[in-house]
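Worksheet: the structure to be examined is printed underneath.
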Amino acid sequence: MAVDYEKELNSEQRAVVQNGDGVSLVVAGPGSGKTRVLIYRLCHIMESGQKPENILLLTFTNKAAKEMINRAEHLIGPDARKITAGTFHHFANMILRRHGRTVGIENNFTILDEQDSLSLLLRILRKFDEKAKKSQASPISRIISLSKIKMCSLSDVIRSDRELSYLERHLVQIEEISSLYGKIKRENGAVDFDDLLYFCHIILRDNKLVREHYQNYYRHLLVDEFQDSDRVQEDTISLLHGKGDNLMVVGDDAQSIYSFRGAEISNMLNFKDKYRAKVFFLSNNYRSHSLIVDVINYCIKNSQQKIDKKLLATKAPGLHPVILESNDPHEETMRILELVETRLKTGKKIGILFRSVYLCSELEVELSKRGIDYDLRGGVKFFEQAHIKDLLSLVRAYENPRDSSALLRLFTLFPGIGEKRVMDMIDSISSRADIISAIRKLDKKGLASGLVEKLFASQEATPANAARMIDDFYSGFYSTYLEETFDDSTDRKPDVDALISAATRFESTTEFLSSFALSTEHPKHKNCDVILSTIHQAKGLEWDVVFVIGLSEGALPSSRSQDVEEERRLFYVAISRAKEELFMSFCRQSGRFYGMEEQFPSRFLDELPSDSYKRADF
């Protein structure tokens, strides 16, 4: 069947589809139809006489590849299924299964997932320190991973990453651990995800016969989301292309937000010169109305790392983007939910986006309290997180000393205490005095027995005292446990503030604990009208109404980031998810419920022209 490109594509899209032979860079703005262009490009290549089996489409999710092939099949017929399509890892796995023996890997190798890899590294680490914890293995895993992805030494990774620099004094030991990690994998016939990419690259680089076979076999190479490619992926593309003449990469440099995974924006910025490529622009935005598009353009205007482009709106002006300014996170939550509830009544789909998960903790509590279904993307729901459950176990045990699950969780926080020993004691506990007596027996080091006794003796079951109980338990015992147990303890600490604050906002401790229990009663809703999401997880998605929260200095841009330019791109991705309404929110204060710190609006808000938005009037 013939495809009607004139009818289905705009002039920019047709130019890519019909004139994309040779080496091409397609700079595709948000909402401009880049997936549509790739699908129709596949069809055009096949209609021009190319066999589908000689086409390679590389994507960043297998789901995306499957959807593109399905749509191409609908347009041009079942031959589209013969196209090789999938992620870089999918392609690399195929190469290793066929040619792995050339680098010492048998074709029946198993693939370790992230947890398998981390567990193996922890076992190796305990050969050096038998008390080593998972939190110590995690940064070593990251170093080893980045060294493969960036194709550099372990020392180069450590020295180039501020968050890893403290490990430089342990470099010799880390190199030994890395060597043992590789040796054990080889002995076990296993590879990890990074090995797939790394060894695929090595095979293509060092084996001329294999390299030339695939260069000749794949006459057309198309790469989606090229702005997210890392060093080893870009080098693999270069090897596959060789001196061929049909390579098309598609992406948006302004949406390059994965440097923590090794992605390099320079791959896209340098592509034109490296390959002497034609450049196409997809600038017509079909998602957002013109006033939102204006803010998106203003946002990226000050970027120092970009390919110059300007989005063009295809929709007439709608409601002005709005800046919400609140005094503190609680006031922000109340204001946002007032707006959310109004829009839910009219059937709107809502996205609430943030740089870090801790920023939505108070929102989660209030959504649960109001019975509003929501889904969280990019993290574990607030009340389902281990550290929140740990702290709540204290309050649950105080209110109901016969709550065996709360007692089990509370007692096993103490060092060296196993579940069997605790279970033997739980049946005999029926009062707070019994709890205190049991803790005295379990807490041999006296880490918390005195503290719990003091808390249980002085507190009443009121919301304010529940908050104080959690706060004192955290300060006197749990903060140390948190740091020793979780490799992301710093990221979890703001959740504690949110929990303490939340405890004061219920009429009783019973209501507070009931809200916690009911929030975990149902599985995640896949079709919720309210989605809470990190900006990273929101990429590629869209909603009728978008709230971007936490737009203060230190949060976005994050004080922990080494790259303000990437933080700006995160803001760009967030605001470009909005179709009809955009709210950008920040608080003047943040911190504990009894001690707030002053905050300032993000520089990204300050850079917006004052006539491009309105301020909320409450």
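Within the range 182-196, the residues that satisfy the criterion of being within 24 Å of Ser259 (Cβ to Cβ), open to solvent by less than 20 Å² (accessible area, probe 1.4 Å) and part of a helix (DSSP H, G or I) are Asp195, Leu196.
In the list Gly189, Gly182, which residue meets the criterion of being of a type in the set (Gly, Ala, Ser), free of Cβ contacts under 8 Å to residues at least 12 places away in the same chain and farther than 24 Å from Phe486 by Cα?
Sole residue among the options that is of a type in the set (Gly, Ala, Ser), free of Cβ contacts under 8 Å to residues at least 12 places away in the same chain and farther than 24 Å from Phe486 by Cα: Gly182.
Tallying residues that are aromatic (Phe, Trp, Tyr) and over 22 Å from Ser559 (Cβ atoms) within the range 153-172 yields 0. Given the criteria within 23 Å of Gln136 (Cβ to Cβ) and hydrophobic (A, V, I, L, M, F, W, C), does Leu482 qualify? Considered against the rule, which asks whether it is within 23 Å of Gln136 (Cβ to Cβ) and hydrophobic (A, V, I, L, M, F, W, C), Leu482 comes out as yes. On the basis of being open to solvent by less than 50 Å² (accessible area, probe 1.4 Å), among the charged types (D, E, K, R) and under 22 Å from Thr35 (Cβ atoms), does Asp253 make the cut? For Asp253, the condition - open to solvent by less than 50 Å² (accessible area, probe 1.4 Å), among the charged types (D, E, K, R) and under 22 Å from Thr35 (Cβ atoms) - is met. Sub-6 Å Cβ pairs linking a first residue in the range 14-36 that is over 16 Å from Ile55 (Cβ atoms) to a second residue that is among the hydroxyl-bearing types (Ser, Thr, Tyr), at least 6 apart or interchain, are Arg14/Tyr5; Gly29/Ser283; Pro30/Ser576; Gly31/Tyr286, ordered by first then second residue. Can you name the residue in the range 464-473 that is open to solvent by 20 Å² or more (accessible area, probe 1.4 Å) and not acidic (Asp, Glu) and is also modelled with the highest pLDDT among such residues? So, considering only residues that are open to solvent by 20 Å² or more (accessible area, probe 1.4 Å) and not acidic (Asp, Glu), the one modelled with the highest pLDDT is Arg468.
Remark: pairs (first residue in the range 231-246, under 17 Å from Phe60 (Cβ atoms) and part of a helix (DSSP H, G or I); second residue open to solvent by less than 30 Å² (accessible area, probe 1.4 Å) and hydroxyl-bearing (Ser, Thr, Tyr); Cβ separation under 8 Å; 6+ apart in sequence or on different chains) = Ile237/Ser229; Leu240/Tyr214; Leu240/Tyr218. In a residue-by-residue description of the range 380-389, the property of being touching a residue at least 40 places away in the same chain (Cβ under 8 Å), under 18 Å from Ile470 (Cβ atoms) and either among the basic types (Lys, Arg) or outside any helix (DSSP H, G or I) (or both) applies to at least one position.
Screening the candidates Leu282, Leu269 for the property of being open to solvent by 50 Å² or more (accessible area, probe 1.4 Å), touching a residue at least 24 places away in the same chain (Cβ under 8 Å) and among the aliphatic types (A, V, I, L, M) yields one hit, Leu269. Scan the range 134-167 for residues that are of a type in the set (Asp, Glu) and open to solvent by 50 Å² or more (accessible area, probe 1.4 Å) and jot them down. Scanning the range 134-167 gives Asp156, Glu163. The set of residues from the range 197-241 being among the polar types (S, T, N, Q) and open to solvent by 20 Å² or more (accessible area, probe 1.4 Å) comprises Asn207, Gln215, Asn216, Ser238. In the set (1) more than 26 Å from Ala263 (Cβ to Cβ); (2) surrounded by fewer than 21 Cβ atoms within 10 Å (Cβ to Cβ); (3) in contact with a helix residue (DSSP H, G or I) (Cβ under 9 Å, 6 or more places away or on another chain); (4) aliphatic (A, V, I, L, M), Met46 fails one condition alone, (2).
Conditions (1) open to solvent by less than 40 Å² (accessible area, probe 1.4 Å); (2) at pLDDT 95 or above, marked per residue:
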residue	(1), (2)
Ile323	yes, yes
Asp328	no, no
Glu332	yes, no
Phe354	yes, yes
Ser368	yes, no
Asp375	yes, no
Phe382	yes, no
His387	yes, no
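For residues in the range 532-547 being closer than 13 Å to Ser256 by Cα and in a loop (DSSP other than H, G, I, E, B), which is least open to solvent (accessible area, probe 1.4 Å)? Per the stated criteria, the residue is Lys539.
The values are calculated or read from the model by the stated rules, or taken from the named source; none is laboratory data. Fair warning: this is a prediction, and the values are worked out from it, not measured in the lab. Counting neighbours? That spans all protein chains shown, and the Cβs are built from the backbone with ideal geometry, glycine included. Protein only, heavy atoms only, side chains kept; ligands, DNA and RNA dropped before computing areas. Shrake-Rupley method; radii C 1.70, N 1.55, O 1.52, S 1.80 Å.
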